[in-house]
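Worksheet: one structure, shown below.
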């Protein structure tokens, strides 16, 4: 547990922080993890997000959610640029008003386009602003605005080279607290069975799903079980049936599932890789081919370098290659065990505490 060195008198108003995190689990889950520690440090928290994104489902259960009208920023100037700039200006003004009226002591964000109004508004008010970047190649907003931040927390050492003018600290990427202790699994899988878990990220991966269903019969013949998280966009999700093949759109207990898995077949989002590392799960990684600046491929490279994973480009991966690669591992459990050890070598179990400590230092320095 992080401990703040500054004790706040009972008569003083509580310190308040605005968390800006939006869109995907990769942005939201690290922010939710560090929020728990900040709550324990007696901070009052509010959330900044965007309408119709994942935060509208996850955040209001725990924190007040404010939204601003903003979209992704284009790299090139186009016909839509004036509209996007106008929305950004409105979002900055609204966030600035929120920070002033709410008497916030600072802002923390986990990147993405919601970070832009949060950082700019806090900078204009001279409030501490801390950003966390989980990817090996930082996103556009992180690269553009990190020089304005009081502190920049990084998930991977590889990202340092892209932010030469920022105050960077490598802290790892926070995972949800339940990943840090054993979790039971409420699935009918025998305790001695080999388990393959297939996950295409929060939206699923239709092309990867099709390959897996083609390969599944060969893997099932070895006695393995398959848990296939198809996402909600796959029209053929129910096209394959087998007693040892469990297909579902998503699964809430990812901590228990990754802990139970002998092998993951997965995209390479930074949040997912952090979960695989902390649960010692070897992986066959297929980076999302349309990720901004191909950042998932760079994320995966760190796992490959450590010997914890093998990576295939989606356009190069055939059902034959996928089937045979997995069969080779299933027939060589010692290789999988070695990969599991190497996966854990990439884990940062105290990442959440490190990130929280950076935030606390920045807030205390500004008091």
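The values are calculated or read from the model by the stated rules, or taken from the named source; none is laboratory data. Quick caveat, the model's predicted, so the values are computed rather than measured. Heads up, the Cβs are rebuilt from the backbone with ideal geometry, glycines too, and the neighbour counts pull from every protein chain shown.
Checking the condition closer than 21 Å to residue 179 by Cβ, over 16 Å from the mean Cα position of the chain (by Cα) and buried (at least 17 other Cβ atoms within 10 Å of the Cβ), which residue from 229, 285 passes? Don't jump to the end; show me each part of the working.
Working: 285 fails: over 16 Å from the mean Cα position of the chain (by Cα).
Result of the check over 229, 285: 229.
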Hits in segment 325-340 (condition: under 22 Å from the mean Cα position of the chain (by Cα) and more than 18 Å from residue 301 (Cβ to Cβ)): 340
Segment 113-138, subset surrounded by fewer than 24 Cβ atoms within 10 Å (Cβ to Cβ) and within 17 Å of the chain's Cα centre (by Cα), residue farthest from residue 359 (Cα to Cα): 137
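The rows are residues; the columns are (1) surrounded by fewer than 23 Cβ atoms within 10 Å (Cβ to Cβ); (2) assigned to a helix (DSSP H, G or I); (3) over 21 Å from the mean Cα position of the chain (by Cα).
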site	(1), (2), (3)
52	yes, no, no
89	yes, yes, yes
100	yes, yes, yes
107	no, no, no
Complete set of residues in segment 345-362 that are touching a strand residue (DSSP E or B) at 6+ places or on another chain (Cβ under 6 Å) and crowded, with 24+ Cβ neighbours inside 10 Å: 355, 359
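Out of all the residues in segment 145-158, which are out of contact with any helix residue (DSSP H, G or I) (no Cβ under 8 Å at 6 or more places or on another chain) and either at pLDDT 95 or above or crowded, with 21+ Cβ neighbours inside 10 Å (or both)?
Step one: filter segment 145-158 for residues out of contact with any helix residue (DSSP H, G or I) (no Cβ under 8 Å at 6 or more places or on another chain), giving 146-147, 157.
Within segment 145-158, 146, 147 qualify.
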Residue in segment 180-190 that is without any contact (Cβ under 8 Å) to a residue 60 or more places away in the chain and closer than 20 Å to residue 284 by Cβ present: no
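I want to confirm something. Restricting to segment 193-204 and keeping residues that are part of a loop (DSSP other than H, G, I, E, B) and at pLDDT 95 or above, which single residue is surrounded by the most Cβ atoms within 10 Å (Cβ to Cβ)?
Just the residues of segment 193-204 that are part of a loop (DSSP other than H, G, I, E, B), to begin with: 193-194, 200-204.
Imposing the further condition that a residue be at pLDDT 95 or above reduces the set to 193-194.
Details: 193: 12, 194: 19.
Selected residue: 194.
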Subset of segment 129-174 [within 24 Å of residue 306 (Cβ to Cβ), in a helix (DSSP H, G or I) and without any contact (Cβ under 8 Å) to a residue 24 or more places away in the chain]: 157, 160, 161
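Which fully enclosed helices (runs of 4 or more DSSP H) of segment 229-345 have 1 or more residues being at positive phi, in contact with a helix residue (DSSP H, G or I) (Cβ under 8 Å, 6 or more places away or on another chain) and free of Cβ contacts under 8 Å to residues at least 24 places away in the same chain? Reasoning before the result, please.
Details: elements: 254-260, 270-278, 295-306, 319-330, 333-344.
The helices (runs of 4 or more DSSP H) meeting that bar number zero.
Being surrounded by fewer than 24 Cβ atoms within 10 Å (Cβ to Cβ) and at pLDDT 95 or above: is that true of residue 276 here? Can you show your working first?
On the way: surrounded by fewer than 24 Cβ atoms within 10 Å (Cβ to Cβ): no; at pLDDT 95 or above: yes.
So residue 276 fails the test.
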Residue that is at pLDDT 95 or above and closer than 24 Å to residue 112 by Cα, where the choices are 322, 285: 285
